[in-house]
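Notes follow once the structure below has been shown.
Rule-based calculations on the coordinates, nothing more; no lab input. Everything numeric here is computed off the predicted structure, so don't read it as measured data. Here the Cβ is made from the backbone with ideal geometry for all residues, glycine too, and neighbour counts use every protein chain on show.
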Amino acid sequence: FLPLDHLESIISNTNAHARSILAGAWTDITLPEYLKWLSLLTIMTVVHHCDRDAYWKKGSGLIYLTIDFSDYMSQNRFNNITRMHVFEVPSKEKQLDDPLYQIRSTIQAFNTYMSSCITPGKYLVIDESMNQWLGIGMPNLKKVPRKPHPIGQEFKTLADHHTYCILQIDTVSDPKPKEYDSDEGMRKLTATVKRLVKPWFFTGRTVIADSWFGAPDMTTMLTELGLYSIMQIAKRRYWPRGMPTTDVVEHTDSEPGSFFTMKNQQRGMFVTTFRHLKVKAFISSCGTTRLSGSCAVEHRGQIKQFERPAVVDEYEKHKSK
């Protein structure tokens, strides 16, 4: 997920930082040891224990992991690397100039490397993601209660639906101006999406995004960049600015499975509302409204099964989970 030279840069910076604090008490990390530390850290994020010491105990069954971390690294060494780990050698001057200096070069290296080593499939999925690493004075520290890890750094991310790999990361609450931010008439969120999809301009892929991103100007921009899109839009009584004011929600019947479509011929997009338990609205530059797929809902004490428009089915099958 990162080029070798950048990993070596992180190791060098971490060693320099640790030596400045611990002096002769620090033993430099090597590349194999660093990769081992990353592997153990990854296991800890997947397999959870309420007691951190449990990872360094041999066990079987449902109580402990069958792997004993002490076979690979002592707990003390693991904790020391975790405590000393940095991406850049800490600097007060850099911190004042750029609060995100610690992670900026790593994000850039990640984005460049992932776009070159993985060829994504048809669907590019955009969403918000949280990172548990808190950093020191990070301006993008957020609390989002609905997330599995509600406190951490928030990022906008792009993932490949077919491999489930995140391919691009963009910072949130970033004080530094970024590419496309100063373009005339460009919203910050639209500029963010443009940066995320940049490696795949004019490839004909389909961007899937939730209602945080869905808007007519977003659809138009992606179309101009040679990309299709299907996005959910916020539930509003009237259609957003830039489209006819037909009340699309009110035109959707009360029965589950009902849908209504409105098309804008000039802008090459259409909106479809679909009633499942509630009405959902989708804006799209591709797909059809022919019935496809199958879903079910409990309605008036009975299970009702019905098909849904293909564009809705396509969104639901490929959206971020």
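For the peptides 7-15, 67-75, what is the packing order when you average, over each peptide's residues, the other Cβ atoms within 10 Å and list the highest mean first?
In decreasing order of mean packing, 7-15, 67-75 become 7-15, 67-75.
On a full-extension model of 0.36 nm per residue, what is the gain between Met262 and Val47, subtracting their alpha-carbon distance, rounded to one decimal in nm?
Gain on extension, Met262 to Val47, equals 72.7 nm.
Output the Kirkwood hydrodynamic radius of the chain, Cα pairs only, in Å rounded to one decimal.
That comes to 22.8 Å for the chain.
Run the numbers for Leu4 and Ser20: contour at 0.36 nm per residue of separation, minus the present Cα-Cα distance, in nm.
Fully extending the segment from Leu4 to Ser20 adds 3.3 nm.
Sum -39500 (n - 2.57) across every DSSP H segment of at least 4 residues in the chain, then divide by the residue count to get the 222 nm mean residue ellipticity, nearest 500.
-9500 deg cm²/dmol
Give me the dipole magnitude in Debye, nearest 20, for segment 4-90 about the Cα centre, with unit charges on the beta carbon: positive for Lys and Arg, negative for Asp and Glu.
In total the dipole reaches around 240 debye.
For segment 149-233, which GluC sites (Glu not before Pro) are both in a DSSP coil and crowded by at most 16 other Cβ atoms within 10 Å?
Glu179, Glu184
Only four residue types carry charge here, +1 at the Cβ of Lys and Arg and -1 at the Cβ of Asp and Glu. Report the dipole size of the chain about the Cα centre in Debye, rounded to the nearest 20.
Dipole size: approximately 760 debye.
What aspartates and glutamates does Lys94 reach when the alpha-carbon gap must be under 17 Å and sequence neighbours fewer than 8 apart in one chain are set aside?
Here the aspartates and glutamates satisfying the reach criterion relative to Lys94 are Asp174.
Taking the Cα centre as origin and putting +1 on Lys and Arg beta-carbons and -1 on Asp and Glu beta-carbons, what dipole magnitude results for segment 201-321, to the nearest 20 debye? Kindly include the intermediate steps, with their values, before the conclusion.
On the way: 17 positive and 12 negative charges, 32 e Å.
Its charge dipole is roughly 160 debye.
Of Thr163, Tyr228, Pro32, whose Cα points farthest to the positive end of the dipole of the chain (charges on the beta-carbon: +1 Lys, Arg; -1 Asp, Glu; origin at the Cα centre)?
Among Thr163, Tyr228, Pro32, the one farthest towards the positive end of the dipole of the chain is Tyr228.
Which ordering of Thr171, Thr27 is given by a fewest-first count of other beta-carbon atoms within 10 Å?
Fewest-to-most ranking of Thr171, Thr27: Thr27, Thr171.
Given Cα pairs under 8 Å that are at least 6 residues apart, what percent is the relative contact order of segment 201-321?
Working: 240 pairs, mean separation 26.6, N = 121.
Once divided by the residue count of segment 201-321, the mean separation gives 22 percent.
Output the peptides 146-152, 95-101 sorted from most to least packed, where packing is the average of other Cβ atoms within 10 Å over each peptide's residues.
Details: 146-152: 11.7, 95-101: 15.1.
The densest-packed peptide leads the list: 95-101, 146-152.
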